[in-house]
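Working notes, structure below.
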Amino acid sequence: MEELKKVYFISKKDMGAYYLKPPLISWGLMLPIVFVFAFYFRNPMGIKEVVPGLIGLTLLFSCTSMAAIVITFEKRIGALERLLLAPLEIRTILFGKTLGSTLFGLIITFCITIFLIPIMGLSVNHPFSFVIIIILSGLAFSLLGILISVGVKEVFEAMTMSNFFRFPMIFLCGVFFPVPSMPFPLPVLSCLLPLTYTVDGLRHCLWEGKPMIPLFLDLLILLGFVVLIFALSLSIFKRRIHQEF
Amino acid sequence: MDAIIQVNELTKFYGTTLAVDHTSFQVKEGEIFGFLGPNGAGKTTTIRMMVGLTQPSSGTAWIDGHDVTKEPVEVKKTIGLVPETSNLYSELTALDNLIYQGELYGVPRKERKNQAIHLIEEFGLKEHQDKPFQKLSRGLKRRLTIAAALIHHPKILFLDEPTTGLDVMSARGLRKLILESKKKGLTIFLTTHYIPEAEALCDHIVIIVEGKIRIIDTPENIKSQVKEVEILEVGLDRITEDLKKKLLFMEGIEKILIAEKGIRFQTKSIDQVTPHIIKLIEEQGAKIQSINTLSPSLEDAFVRITGLDSELMKIDKPMKAGPE
């Protein structure tokens, strides 16, 4: 219970210090809105096919925007040392950092979803599953950002690495092009990326078309990504602390 | 009094560089214990190993009965650290920084804000409590960082070069705060390269040079190491290079410390060398403005024990980048 409280305090501080600031909020909201309208005006009838992907992209970019640099940034200004001095397990620090960026991503994504659903004439077929997919995906994407942040030394390296992961995902994860229609070996790469399962899971919930795999598999795989990326981040973070402090 | 800190053969290598060389010491509960040495001596590395920030290469450190490598979280509950760079959160106000530290240290909610406000008042920060940390002066930042280290009522306070970079008034105020904290039963472990500060504050002093402990004792006992040595202090209107050279080769003088307007001689035969010194100074055309005989200071003992020039101890390390 104490540990959970401290996770909450760390994430609350990060929300106030980094996430709930006008530049990040406007970037988080504007980018997906621009994408949606660009696609809508191009093909209003086809918008329903791309909305799951656009929601997935919104979540990816909003969750990783600060997560990828937060630890590196705090290390540079000496603030990370403050956390390492406190009676906190390393996992608590990572949980706290992850929760902050996940919450931000969820807020942005739910805002966009609420905006999209009435305008685009969408309906959420499985609301409970929709929420679980968004939460698991948010955690997975935030952890991906945290993994980058603990793996690099400088802020600019973190920004470069996060774009190295994020931008290919736009084209490989079924956002605009169905994964099964991609030439080999791209579908293999797609299966290794969490956004693929986010988009597929959201298709179950928002679209009448045929998703790739059953919904429960999307959920299970996303959970697997969360566990795997967290374990990897924790291991790398502990090693870096040992080396650099 | 039992030892609240026990360090045994603590060692740290950075690559092939030995930063801390098998240091061992004990700190009694309620005392102010000082680590004194020049920059690069291993003081900060030692403190960082003791608070669990840096992994030792070998050796053990027990803080209030807990092994720092095996129970780091338990150790951190009982200690507060004021690092060399005041690294609280720039965007948070003074009060919010203390409240946040209270949250991280598990201070109960009902107590947190009251304790933060109490520390703000105790450390003379009331009119600055709503200012962001980045807008505070260096001296106020340091005070707030000490307050933050006390929010959770630690048993031991670690201070790493607490007065470095501060103006004289701020440094004096801070030393007064340290002494008042000791009266409340706090055990204080501090590192410094200011010899007078160590002498004024510490019950026991460790002199450490190049990672190795040279002596552990009270300031009085350390000074008594040079008891047989007498000090002659001569104030001059000017000191020429020629005078310096001649004085250096004079017999009967153990050590010379040359300042801008005066020279301090360490000798075992003050009655014999004094007339020769005066004669030489007059021959060189310099005018004696003052002449005193002194009992050895901690600075003299330091120079004798380490062989280092005490001027080396007056050089501050370049400040690291950070919120300060």
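The values are calculated or read from the model by the stated rules, or taken from the named source; none is laboratory data. For clarity, every value in this text was computed on a predicted model and none was experimentally measured. Here Cβ is always computed from backbone atoms with ideal geometry, including for glycine, and neighbour counts include all displayed protein chains.
A few remarks follow.
- Long-range neighbours under 6 Å by Cβ, at least six apart or interchain, first residue farther than 16 Å from A:VAL7 by Cβ and more than 9 Å from chain B (Cβ to nearest Cβ) within region A:68-87, second in a helix (DSSP H, G or I) and of a type in the set (Val, Ile, Thr): A:ALA68/A:ILE148; A:ILE69/A:VAL155; A:THR72/A:VAL155; A:PHE73/A:VAL155
- The listed residue being touching a helix residue (DSSP H, G or I) at 6+ places or on another chain (Cβ under 6 Å) and either surrounded by fewer than 17 Cβ atoms within 10 Å (Cβ to Cβ) or within 30 Å of B:THR17 (Cβ to Cβ) (or both), out of B:ILE216, B:ILE205: B:ILE205
- B:THR60 meets each of the listed conditions (1) surrounded by fewer than 24 Cβ atoms within 10 Å (Cβ to Cβ); (2) within 11 Å of chain A (Cβ to nearest Cβ); (3) under 29 Å from B:THR218 (Cα atoms) apart from (2).
- For region B:159-189, the set of residues classified as touching a residue at least 40 places away in the same chain (Cβ under 8 Å) and over 19 Å from B:LEU119 (Cβ atoms) consists of B:ASP160, B:GLU161, B:THR164, B:GLY165, B:PHE189, listed by residue number.
- Enumeration of residues in region B:200-212 that are under 25 Å from B:ILE79 (Cβ atoms) and within 15 Å of the chain's Cα centre (by Cα): B:ALA200, B:LEU201, B:CYS202, B:ASP203, B:HIS204, B:ILE205, B:VAL206, B:ILE207, B:ILE208
- For region A:195-245, filtered to residues that are basic (Lys, Arg) and assigned to a helix (DSSP H, G or I), the residue that is farthest from the other protein chains (Cβ to nearest Cβ) is A:ARG203.
- Here region B:85-98 is the region considered, the condition is being more than 10 Å from chain A (Cβ to nearest Cβ) and among the hydrophobic types (A, V, I, L, M, F, W, C), and the residue that is surrounded by the fewest Cβ atoms within 10 Å (Cβ to Cβ) is B:LEU95.
- Among residues of region A:10-24, those that are more than 20 Å from A:LEU84 (Cα to Cα) and surrounded by 21 or more Cβ atoms within 10 Å (Cβ to Cβ), counted: 1
- Residue in region B:305-313 that is within 24 Å of B:ARG238 (Cβ to Cβ), away from chain A (no Cβ under 14 Å), modelled with pLDDT under 90 and in a loop (DSSP other than H, G, I, E, B) present: yes
- Residue check, A:LEU116 away from chain B (no Cβ under 14 Å), part of a helix (DSSP H, G or I) and under 11 Å from the mean Cα position of the chain (by Cα): no
- Where A:SER62 falls short, out of the listed (1) touching a residue at least 40 places away in the same chain (Cβ under 8 Å); (2) within 12 Å of chain B (Cβ to nearest Cβ): (2)
- No other residue among A:ILE47, A:ILE93 is touching a residue at least 60 places away in the same chain (Cβ under 8 Å), in contact with a helix residue (DSSP H, G or I) (Cβ under 6 Å, 6 or more places away or on another chain), under 19 Å from A:ILE117 (Cβ atoms) and in a helix (DSSP H, G or I) apart from A:ILE47.
- Residue check for B:PRO83: under 29 Å from the mean Cα position of the chain (by Cα) and modelled with pLDDT under 95: yes
- A residue that is surrounded by 24 or more Cβ atoms within 10 Å (Cβ to Cβ), at the interface with chain A (Cβ under 7 Å from one of its Cβ atoms) and among the basic types (Lys, Arg) can be found somewhere in region B:75-84.
- Of the strands (runs of 3 or more DSSP E) lying entirely inside region B:199-299, those containing at least 2 residues that are touching a Gly at 6+ places or on another chain (Cβ under 7 Å) are B:204-209, B:230-236, B:262-267, B:288-294.
- Complete set of residues in region B:130-152 that are farther than 13 Å from B:GLY173 by Cβ and charged (D, E, K, R): B:ASP130, B:LYS131, B:LYS135, B:LYS141
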